[in-house]
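J.: One structure, pasted below without further comment.
The values are calculated or read from the model by the stated rules, or taken from the named source; none is laboratory data. For clarity, every value in this text was computed on a predicted model and none was experimentally measured. When we count neighbours, we look across all protein chains shown, and the Cβ atoms used for this are built from the backbone with ideal geometry, even at glycine. Please note that ligands, DNA and RNA were not included when accessible areas were found on the heavy atoms of the full protein model with its side chains. Shrake-Rupley method; radii C 1.70, N 1.55, O 1.52, S 1.80 Å.
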Amino acid sequence: MAGRGHVDVSERRLRPIYDALDANNNKKAIQEADKVLRKQKDLICAKALKAIALLRSSRRQEALLLAAEVASQEPIEEATLQALTICYREMERGDLVARIYENAVKKVPQSEEFLSHLFMAYVRLGEYKKQQQTGMALYKVAPKNPYYFWSVMSIVMQALTTEDETLSQKMFLPLAERMVEKMAKDMKIEAEAEVRLYLIILEKQKKYEEALEVVVGPLGSKLISEIELQSLMQAEMYVQLEDWPKANAKYRKLLLTNPDNWLWYIHYFTSLFHLVDSGWTPSEADEGSSADVVTGTVDMAIAFVEERVADELKNGKRLQRGPFLARMELLKRLTERGNQEAADKIGSPADLLKEYFGKFGDKPCCFMDMRPYLTMLKLDDNAKFVEELQTYIEIPEKAGELGLPSDVKTMQRHICCVGLARSLGLQEHLTEEKRDELIQDLMRRHQHGLQFGTDLLPTDVQPSDSYLLMAVHIKYAEYLKTKKLSLLFEVIVMLEKGVACSPSNAQYKLILIKLYILLGAFQPCKKLYDNMEVKHIQQDTLGYFYSCYAVALGHLTPACSILSSMLKFFSANHKDTTEYIIAAYKYGSFHKIPEIISFRERLNLSHNYSSLAVERMLLDFIMETTNPEQMRELLDYMEISPEKDEIKWDLLKDNRDLTVLSSWEPEERELTDQQIAWSFCQEKQWLRLRSLILRSLAAVILISQPAPMDGEHSLSHNQDDSKNGESMDGHGNTLLSLIQEMNTHVQDVECQPSTVTENMDLLCGPIPTRMKVYLDGQHHILLTSIFQVAVDVHSLGTNDLNQSQELQEKIARNFDCILKTFEYVLDSMDTPIASPGSPPEVYPQVLQGLVLLVETLCLMTLVISQCQVMLKPIKASLTKKKRKKKTPTNIVPQVFDDYKMFVESLVQFGEKLHKCLLEVDIVITEVDVSTLEISPAPEHAKREDISAETVWKKVKDSYQISAGEMAEVLKQKLQFLRTVRL
């Protein structure tokens, strides 16, 4: 009773601390913990709770020390362990969580609870070997199937993650197989998850026959989580074994139960043509019931598909699309194989497509369903085909008036028909007048169709939105040919009106973001992107539309928050997916664990992730540093290692969704896999350049740190360097290699031919990188030269200054090269950011050039400030030497004068650039877009609040914000530059 009373007292004393933590009142939690500890010094749970409060009060070091004090006592009380676990998890120190449970298990080795906590701690760390051992220990303590299979799954994960394939195939997988076989022989396998794990092990060893035996045997009866799962797995095993007759029969049987499963049709046709190509003929053993019939000939397949179509037609109103699409797929495959005789038995492509349109033309998916089979049509028949499709559209025609649909289904048929006409190329050679008529027609139909969406929820898109999107695609294609600014403004106005009518249409917003970026205006993009409420994985797949353009277009302050919010998703990825893996272990979803880990790795290797991280770090150096000490602190915080390239270039993943935008373009104008690969190659080239710049800047900061000095060590050529001095020389060599790598990379980019750029500028294509603007502005020359200066200045500190004349001359030459290049770049930027004349123009590439120039000048300021750090002790040492001499000399090394002249010239260039930025506001204000020739909107489609002037105001405001932010950053860096004098 006394012991129980002690526990109750402790719980009562701890309650105020828990309450304060739950209320996020960390200060009070610390006070309550101190109060308890004054009364009961040995209550370590109070210390653990205080550590949590300290951590949440941003007192990490104190929290870590206090938690370590508690952990050193090796507690076994549940409350203390839980508190320590929370504290270490919030510190992201999963290794320490594992350690406290390791100690607890040593004290109480038979505790099922401690062992299960330890297992999950190892799961968080990915320690598969320790998971295996802990799982078996758990099974010995509590012989439950889940614990046993936790251990088996841990062995499988060792097999999947090891780089040694032999080890995987010869040791890990056979061990896992034997462990599961033992359970199977003892009749102890109870759940479907355990059977599926057994199948995973066999499949990884390519033991498909054994896997098939499991599926068809007694264990296969446990595969019940999905309809027909056992039959489907049998079919998959037959495919792996290339047993095409049985695979064909199984998929045929599956299609009898579900004739709408498209994937089954694909496998069915694949097995069919394997049988046809091999000349397979049925044996007596193969002739069984109708359900097990093997479709070994094309005629049998045609008959089977036609039966499925006939069965669907008998079913009545709600038809399934699968059989009708399967018929067209079979026709296409036969045509591609040159089997025209069999193809003719199915029917003509035009007739099948027309029949499909007649039955499913009122569904939004109809166009995408028909599109893959349009290539079967003859070019001469395309116009006739579209005309015949229009007979299925019941739109009343009135003399001299546009015929408009009376319901949504009729409108959807017309949308599909117009899309097919564009995809077949019938709109490619329209005259300007006909094209304008088509656009006006689509706009009117869009406006008319809005009446069908009056009762929709705000989150639903209007059924007539596709009309406007098609009009936008046609108008944008015209803009690509003429490059008239008026057409681009017209497209934006059309889309802005569309957003006003259908605020949840993501297609409108994504296209608008792209068009505003092409105009050089980032400000409107932020609101559009925020309104889309992009969440989770879409930050990666759609982030490329938006993420790095805030920096590229000079919106530096918003860029900080944008990059940070996107990086939070990636940084939370490991934590979130770990929770999913733990849940998979708990609930026995073993087959999901490799998928989740693969997903996590794909995100970790995302090109977008690396790009965001590099851009954010560069931006922090540009925005947040005003003295060399801040630069060093920031570098320590970022943990950048110049000599180690953290990016795994060969493994980077292109996670961009380049198919998110609807497109009705002809096949020859669609983005190809080759073009997407080329685009990704360009993105990687730009990322590599940015990464090299960041690592070079980090190397400059590291070499500028003074080594421990022994008398006049830094000015002599004494070879007895300290360890730290050797480290500084190492960073100097690293910087030299980075400069060389940067030069080589730029040469490779300049020599690389652009062979697949056609169609890259389509509306659904990616926006090109800033590489061309960067190279045209010779920024690589400016930066490599200033980095070389840093290397040479560092060398002055490790050599005798009296014998370094050649080195000083080299520094002077680099200073001269930088100033001449800067002067050339500034003089070549005489193109204004906009032309206020008639018709007016804006030049986004000029804005990008100004942004890059400001960025380069800022980076040069940071590097030259580190040069000052290295030159200052040299100058101080020389002054000290002169004072010791009886007859002081007046000879001053040339490098100091060169440095002074260079800094003064750099300040002058910065002031000139600052003046250019201030003039942007004047030039952009003078632009009058009222002179743009914008086609009038249909009368009933006009919205007075959205016009070219409205759009221009957004563009103008964005340019002014860009110029203002860049001017402010430049002003800050010029003030910094004026302080780095010797």
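J.: Step through the residues of the range 104-113 one at a time and calculate ³J(HN,Hα) from phi using the Karplus curve (6.51 cos²θ - 1.76 cosθ + 1.60, θ = phi - 60°), rounding each to whole Hz and writing x for Gly and Pro.
T.: 5, 5, 4, 7, 10, x, 9, 7, 4, 5
J.: May I pose another question? Which listed residue (976, 374, 529) has the Cα farthest towards the positive end of the charge dipole for the chain, taking +1 on Lys and Arg C-beta and -1 on Asp and Glu C-beta about the Cα centre?
T.: 976
J.: Ranking request for peptides 428-440, 625-637: highest mean number of other beta-carbon atoms within 10 Å first, then the rest in descending order. Intermediate values should be presented prior to the final figure.
T.: Values: 428-440: 12.8, 625-637: 15.7.
With the highest mean Cβ count within 10 Å placed first, the list reads 625-637, 428-440.
J.: In addition: Enter the Cα centre distance for the pair the range 572-597 and the range 140-161, rounded to the nearest angstrom.
T.: The distance from the Cα centre of the range 572-597 to that of the range 140-161 comes to 15 Å.
J.: Still on this structure, please answer the following. If one computes the Cα centroid of the range 961-975 and of the range 326-379, what distance in Å separates the two points?
T.: After rounding, the separation between the Cα centres reads 61 Å.
J.: Work out the charge dipole of the chain with +1 on the Cβ of Lys and Arg and -1 on the Cβ of Asp and Glu about the Cα centre, then indicate which of 685, 837, 265 is farthest towards its positive end.
T.: 685
J.: With each pseudo-label sitting 7 Å past Cα toward Cβ, what's the residue 934-residue 950 distance in nm, one decimal?
T.: 0.9 nm
J.: Here's another thing I want to ask about it. Please list the non-local residues whose amide H lies under 5 Å from the amide H of residue 842, H modeled 1.01 Å from N, same-chain partners needing a gap of 5 or more.
T.: 835
J.: Another question, if that's okay. Based on Cβ point charges of +1 for Lys and Arg and -1 for Asp and Glu, what charge dipole magnitude is obtained for the chain about its Cα centre, in debye rounded to the nearest 20?
T.: Approximately 3980 debye in magnitude.
J.: Then there is this: With an 8 Å Cα cut-off and a minimum separation of 6 or more residues, compute the relative contact order for the chain in percent.
T.: Dividing the mean separation by the residue count of the chain yields 8 percent.
J.: Within the range 40-76, what residues put their amide N at less than 19 Å from the label point 7 Å along the Cα-to-Cβ vector of residue 620?
T.: Output list for this probe position: 58-61.
J.: Still on this model: Once you have the Cα-Cα distance between residue 531 and residue 576, take 0.36 nm times their residue separation minus that, and quote the gain in nm to one decimal.
T.: The span from residue 531 to residue 576 would gain 13.7 nm if fully extended.
J.: Can you give the net charge of the other residues whose Cβ lies under 15 Å from the Cβ of residue 64, counting K and R as +1 and D and E as -1?
T.: Every neighbour counted, the sum reads +3.
J.: Would you mind counting up the charge near residue 863? Only other residues with Cβ under 14 Å from its Cβ, with Lys and Arg at +1 and Asp and Glu at -1. Intermediate values should be presented prior to the final figure.
T.: Details: positive: 632, 695, 973; negative: 792, 855.
After counting each charged neighbour, the total is +1.
J.: What does the helix-only formula give at 222 nm for the chain: each DSSP H stretch with n ≥ 4 adding -39500 (n - 2.57), the total divided by the residues, and the result rounded to the nearest 500 deg cm²/dmol?
T.: Working: 41 runs with 661 residues, N = 982.
When only DSSP H runs of four or more count, the value is -22500 deg cm²/dmol.
J.: Moving on. Hey, can you find the accessible area per residue of the range 588-650 for me, probe 1.4 Å, expressed in square angstrom?
T.: Per-residue accessible area for the range 588-650 comes out at 49 Å².
J.: Quick check for you: with a 1.4 Å probe and neighbouring chains kept, what is the accessible area per residue of the range 467-557, in Å²? Display every interim value, and only then the final one.
T.: Details: 2540 Å² over 91 residues.
Spelled out: the 1.4 Å probe surface of the range 467-557, per residue, equals 28 Å².
J.: Positive end of the charge dipole of the chain (Lys, Arg +1 and Asp, Glu -1 on Cβ, about the Cα centre): tell me which of 623, 577, 604 has its Cα farthest that way.
T.: My answer, from the dipole projection, is 623.
J.: Compute the separation of the alpha-carbon centres of the range 497-553 and the range 219-256 and state it in Å as a whole number.
T.: So the separation of the two Cα centres works out to 45 Å.
J.: Moving on. Can you give me the relative contact order of the range 740-863 as a percent, contacts being Cα pairs under 8 Å and 6 or more apart?
T.: 30 percent
J.: Under 29 Å between alpha carbons, and skipping anything fewer than 8 positions from residue 35 in its own chain: which lysines qualify?
T.: 27, 47, 50
J.: Using θ = phi - 60° and the Karplus relation 6.51 cos²θ - 1.76 cosθ + 1.60, list the HN-Hα couplings for the range 311-318 in order, rounded to whole Hz, with x at every Gly or Pro.
T.: 4, 5, 5, 6, 5, x, 6, 7
J.: Percent of accessible area on the range 774-887 owned by carbon and sulfur, 1.4 Å probe?
T.: With neighbouring chains kept in place, the figure for the range 774-887 is 49 percent.
J.: Still on this model: Where the accessible area of the range 154-213 is counted over protein heavy atoms with a 1.4 Å probe, how much of it, in %, is carbon and sulfur?
T.: 49 percent
J.: Still on this structure, I have one more. Among rounded, prolate and oblate, which fits the range 1-119 when a ≥ b ≥ c are the square roots of the eigenvalues of its C-alpha gyration tensor, a/c under 1.5 means rounded, and a/b larger than b/c means prolate?
T.: Oblate, since a/c reaches 1.5 and b/c is not below a/b.
J.: Taking a probe of 1.4 Å, how large is the accessible area per residue of the range 213-342, in Å²?
T.: Per residue, the range 213-342 has an accessible area of 51 Å².
J.: Straight distance only, please: which aspartates and glutamates reach the Cα of residue 648 with their own Cα at less than 18 Å, same-chain residues fewer than 8 apart left out?
T.: Partners found: 163, 540, 601, 615, 639, 683, 741.
J.: While we're on this one: Here is the link list: 378/497; 317/535; 207/246. Which ones come out longer than 27 Å on Cα distance?
T.: Pairs exceeding the cut-off: 378/497; 317/535.
J.: If you take mean projected area of the Cα convex hull in nm² from the coordinates, which of (1) 48.5; (2) 54.4; (3) 74.7 do you get?
T.: (2)
J.: What are the extents of the Cα atoms of the range 599-677 along their three principal axes, listed from largest to smallest and rounded to whole Å?
T.: Result for the range 599-677: principal-axis Cα extents of 58, 25, 20 Å.
J.: Given a 1.4 Å probe and every protein chain left where it sits, what share in percent of the accessible area of the range 400-508 is carbon and sulfur? Walk me through the numbers on the way to the answer.
T.: Numbers: 2230 of 4320 Å².
Looking at the range 400-508 in its full context, I get 52 percent from C and S.
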